[in-house]
1. Looking only at region 181-208, which residues are within 27 Å of Leu4 (Cβ to Cβ), touching a residue at least 12 places away in the same chain (Cβ under 8 Å) and not charged (D, E, K, R)?
2. Using the structure shown, decide if Asp56 is of a type in the set (D, E, K, R) and farther than 17 Å from Cys130 by Cα.
3. Could you pull out the residue among Thr133, Thr146, Thr173 that is in contact with a Gly (Cβ under 8 Å, 6 or more places away or on another chain) and either within 14 Å of ligand 2 (Cβ to nearest atom) or of a type in the set (Gly, Ala, Ser) (or both)?
4. Of all helices (runs of 4 or more DSSP H) completely enclosed by region 155-257, which ones contain at least 3 residues that are β-branched (Val, Ile, Thr)?
5. Any residue in region 214-235 that is farther than 13 Å from Pro185 by Cα and in contact (Cβ under 8 Å) with a residue 24 or more places away in the chain sitting within a Cβ distance under 7 Å of a residue that is of a type in the set (Asp, Glu) and open to solvent by less than 30 Å² (accessible area, probe 1.4 Å)? List the pairs, counting only those 6 or more apart or interchain.
6. Applying the selection to region 59-80, what residues are assigned to a loop (DSSP other than H, G, I, E, B), open to solvent by 40 Å² or more (accessible area, probe 1.4 Å) and more than 16 Å from ligand 2 (Cβ to nearest atom)?
7. I need every pair where a residue in region 1-30 that is free of Cβ contacts under 8 Å to residues at least 12 places away in the same chain and more than 15 Å from Ala46 (Cα to Cα) has its Cβ under 9 Å from the Cβ of a residue that is open to solvent by 10 Å² or more (accessible area, probe 1.4 Å) and not in a strand (DSSP E or B), sequence separation at least 6 or different chains.
Amino acid sequence: MDLLALPAFNDNYIWMFHDGVEAAVVDPGDCAPVLAALDRLKLKLAAILVTHHHHDHVDGLASLKARFDVPVYAPALETIPGSVITVAEGDDVRTVGARFQVIDVPGHTRGHIAYFHRAEALSEAPVLFCGDTLFSGGCGRLFEGTPQQMYGSLQRLAELPGHTRVCCAHEYTLSNLKFAHAVEPDNAELIDYTRWCEHQRAVGLSTLPSRIDRERAVNPFLRCDAAAVISSARRHGSPSDDAVEVFTALRQWKNEF
Ligand code: ZN
Ligand code: FE
């Protein structure tokens, strides 16, 4: 399976995967980059996957649906414009020769879902489309869910295989890593990774996809049980060492950072 990040707007990515003939896209907030990629690579659109209802993830749906009669998979708990096939935890989505497991990840929005492909071929790594739930070095804002829900959702994703390719919907990595440094200034892997990301951005490349094992090592929101993260969170309002309270304090601190 070939994987491409199509840049959209300022800092969104519309992920596309294809087998050389058919393609599917995730969260098409704009149709133009999708049409251009289909045309350039001579691919036929087979399906659209949606993670949540925000406009920068769904605004391209109507024009794509007007051109292609393809299924749109979308979260059962959210209202998405147009006709969609609703999916939730436990459902499978099969397209472009791959099977995706749907994982409920409430927090950023109430019904946010992620799509996980457990690679069957040895030459491939699993793929996760996580929308605005997990970002490299950070996580989405809590617009509709509780900290408890978001913490649980991130924990679910952190348990996926370490070599899973993490396909986030925004290029927020460098600003997330600035915050991560404030939380954990002595994290050596974070320092190395930041250097690599700065280079990627300087030469105009994406920092994504990330990997689950890297996020476990550098992302403070997945490290709420690490001593250095706990002590920083305690200095920023966490009333205890409890992981959800640490997470809540970190998220609040990041909102104001
Ligand atoms: Zn969003
Ligand atoms: Fe977004």
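1. Result: Tyr193, Thr194, Cys197, Ser206, Thr207, Leu208.
2. no
3. Values: Thr146 fails: either within 14 Å of ligand 2 (Cβ to nearest atom) or of a type in the set (Gly, Ala, Ser) (or both); Thr173 fails: either within 14 Å of ligand 2 (Cβ to nearest atom) or of a type in the set (Gly, Ala, Ser) (or both).
On inspection, the qualifying residue turns out to be Thr133.
4. Details: elements: 173-183, 188-202, 212-218, 227-235, 243-256.
In region 155-257, 243-256 are the helices (runs of 4 or more DSSP H) which contain 3 or more residues that are β-branched (Val, Ile, Thr).
5. Leu222/Glu215
6. Of region 59-80, the ones assigned to a loop (DSSP other than H, G, I, E, B) are 59-60, 68-71, 76-80.
Now drop any that are not open to solvent by 40 Å² or more (accessible area, probe 1.4 Å), which leaves 59, 68-69, 71, 76-77, 79.
Across region 59-80, the qualifying residues are Phe68, Asp69, Pro71, Ala76, Leu77, Thr79.
7. Asn10/Glu171
The values are calculated or read from the model by the stated rules, or taken from the named source; none is laboratory data. Computed from a prediction, not measured in an experiment: that's the story for all the values here. All Cβ positions, even for glycine, are placed from backbone atoms using ideal geometry, and neighbour counts span all protein chains on display. When the accessible area is computed, the model is the full protein with side chains, heavy atoms only, and any ligands, DNA or RNA have been set aside. Shrake-Rupley method; radii C 1.70, N 1.55, O 1.52, S 1.80 Å.
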